[in-house]
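The values are calculated or read from the model by the stated rules, or taken from the named source; none is laboratory data. Note that the coordinates shown come from a computational prediction; the quantities given were computed from them, not determined experimentally. Glycine gets a Cβ as well: all are built from the backbone with ideal geometry, and neighbour counts include every protein chain shown. For the accessible areas, the whole protein counts, side chains as well, though only heavy atoms, and no ligand, DNA or RNA atoms are used. Shrake-Rupley method; radii C 1.70, N 1.55, O 1.52, S 1.80 Å.
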Amino acid sequence: MSGGTGMSGGPGGIGARRAARRDEAVRAAVEQGLLGPGTSIVGLLDVTGIRESAAALRAAFEAVTAPGTPVLHAFAVKASPLVPVVRLLHEEGIGAEVASPGELALARAAGVPPERTVLDSPAKTPDELREALTLGVAVNADNPQELERVDALMAEGTSASPLGIRVNPQIGGGSIEALSTATATSKFGVALRDEGAREWVVRAYLDRPWLTRLHAHTGSQGIPLSLMAEGVAETYALAEEINERAGRRQVDTLDIGGGLPVNFASDETTPTFADYARVLREAVPGLFDGRYGLVTEFGRSLLAEHGAVVARVEYAKSAGGRPVAVTHAGVQVATRTVYAPGAWPLRIAAYDGKGLPKQGPDVVQDVAGPACFAGDLLAVGRALPRLEQGDYAAALDTGAYYFAHHYAYNSLARPAVHGFAGRAGGGVAFATVREAQTVDEIVAEAGGEHAAALTDLAGRGGSAGS
Ligand SMILES: *Cc1c(COP(=O)(O)O)cnc(C)c1O
């Protein structure tokens, strides 16, 4: 690839170095036995790359904010719900955005303190709200009913939790409907343009001096930066209106969400965090003049390009004249790509049995997964060096929302995940992030302990109720 320039791409650029680290890691994984005939699929995470992205995020906002502005970058844990990943980011100065009891527990297990944690799910129960307020975790209320629950808890006593309301600026969606959070009918937040809604939000703040944050998350894969900035601008304007009517700086922090899209087409990082920070500064200069603290919630853009799932080619066959590589990576690790290939195409890299990059000539072929349905394909009609039995196929840019998001079709096991980094003296060191799921665990999680539960249940002969 030679088209990139500057920081993010081009020969010798960040993207090229990332690709070189990945190639070295695949070879080392084969050499060190993490991949082989007995271990036919593995997820790999590039620790150096993750650290670089965290540093790039911090630097991007430092470059545009007034000195001393409090900025909390909270990693959206749903993008990579793995404790060691959350811990690594915590060490890099990134907090956690969580959206379920499980994600909150993961963040706590990673050592992220409550004051660096934000809870934003659309369906928080009273118990979850109570836990968050007791811990001092920031909470963004999604809707009026949830705010009533927060009212009740606040009436019982004080909390260290910064509290806000999530709004939906309804600026419109992007190219992927299922991921568009700011459409007119999105399920998230208070829909600002609905009749009476904006006034309701303002009154909610005027009535509750403890509401000090305002939250919107309008971006996602498929949404242009300009539209994301529009959502932030609307949220900023609302905060200004609230503060003006309150006659004081009641809203002191804006949570602008995450949603920076990722380039799945090459190793070039585009857009960068710096690109987005610049677009935001142009669109909403007041956001950065030091009057507001900031919270961000990036997920995919911190992790996606630092992960690859690598799978062995079990069989290489041909059907209807087309070569088909049957691998061990399919719908269980690349669910979105398999079910919505148009929206989520993935690059595939071909490696030989020793883990070395395969050289051409390219052959148009399908790369299939192991699941028993015809659509279980990672790539269709893709030009690649021909994959043969015993080779490896790597699905790239799968560090977020892919192999850490297992889908248990065909009871396929969750693969192990390993982090890798260069060793000081040369070579690659690996660390286990998550063990592979065993067949015994699959049986246990499938109700193995309750094998006789249904046959023992009274009900044979239809005598229910007697
Ligand atoms: C999913 C989500 C994020 C992260 O989105 P990315 O596209 O992964 O950056 C941030 N905030 C909220 C509220 C979310 O639901």
* Structure fact -> As a percent rounded to 5, the proportion of antiparallel DSSP bridges among beta bridges in the chain is 50 percent
* Structure fact -> Expected vector for segment 440-451, Karplus 3J(HN,Hα) from phi with 6.51, -1.76, 1.60 and θ = phi - 60°, integer Hz, x for Gly and Pro, equals 4, 5, 4, 5, 4, 6, 9, x, x, 6, 10, 3
* Structure fact -> The answer for trypsin sites (Lys or Arg not before Pro) in segment 191-247 that fall in a DSSP coil and have at most 14 neighbouring Cβ atoms within 10 Å is Arg193
* For Thr185 and Asp456, compute 0.36 nm times the residue count separating them, minus their Cα-Cα distance, and round to one decimal in nm. => 92.9 nm
* Asked: What distance in nm separates the simple spin-label points at Ser226 and Ala109, each placed 7 Å from Cα in the Cβ direction?
  -> 4.4 nm
* **Tilt relative to the chain, helix 126-135 - C-alpha long axis, 0 to 90 degrees, to 10** => 80 degrees
* To do: Using only protein heavy atoms and a 1.4 Å probe, report how much of Glu148 is accessible, in Å² to the nearest 10.
  => 130 Å²
* **Where Cα atoms sit under 27 Å apart: lysine pairs in the chain separated by 8 or more or lying on different chains** => 5
* Shape of segment 358-466 from its Cα gyration tensor (a ≥ b ≥ c, root eigenvalues): rounded if a/c is under 1.5, otherwise prolate when a/b > b/c, or oblate? -> oblate
* **Mean Cα-pair separation over length for the chain, i.e. relative contact order, pairs under 8 Å, 6 or more apart, %** => 17 percent
* Structure fact -> Ordering Tyr339, Tyr276 by the accessible surface of their heavy atoms, 1.4 Å probe, largest first, yields Tyr339, Tyr276
* **Full-extension gain in nm, Arg203 to Arg51, via 0.36 nm per residue minus C-alpha separation** => 50.5 nm
* Structure fact -> By the C-alpha gyration tensor axes a ≥ b ≥ c (rounded if a/c is under 1.5, else prolate when a/b exceeds b/c, else oblate), the shape of segment 89-185 is oblate
* Asked: With each run of n ≥ 4 DSSP H residues scored as -39500 (n - 2.57), what mean residue ellipticity at 222 nm is computed for the chain after dividing by its residue count and rounding to the nearest 500 deg cm²/dmol?
  -> -9000 deg cm²/dmol
* Compute the Cα gyration tensor for segment 194-324, then decide on rounded, prolate or oblate, letting a ≥ b ≥ c be the square roots of its eigenvalues: rounded whenever a/c is under 1.5, prolate when a/b is larger than b/c in the other cases, and oblate in all that remain. => prolate
* Asked: Tell me, what HN-Hα J-couplings in whole Hz come from the Karplus equation 6.51 cos²θ - 1.76 cosθ + 1.60 at θ = phi - 60° for each residue of segment 259-269, using x for Gly and Pro?
  -> x, 5, x, 10, 7, 8, 9, 7, 7, 7, 7
* Asked: What whole number of Å gives the distance from the Cα centroid of segment 175-249 to the Cα centroid of segment 344-389?
  -> 43 Å
* Asked: Could you give the length gained on full extension between Ala246 and Thr125, defined as 0.36 nm per residue of separation minus the Cα-Cα distance, in nm?
  -> 40.5 nm
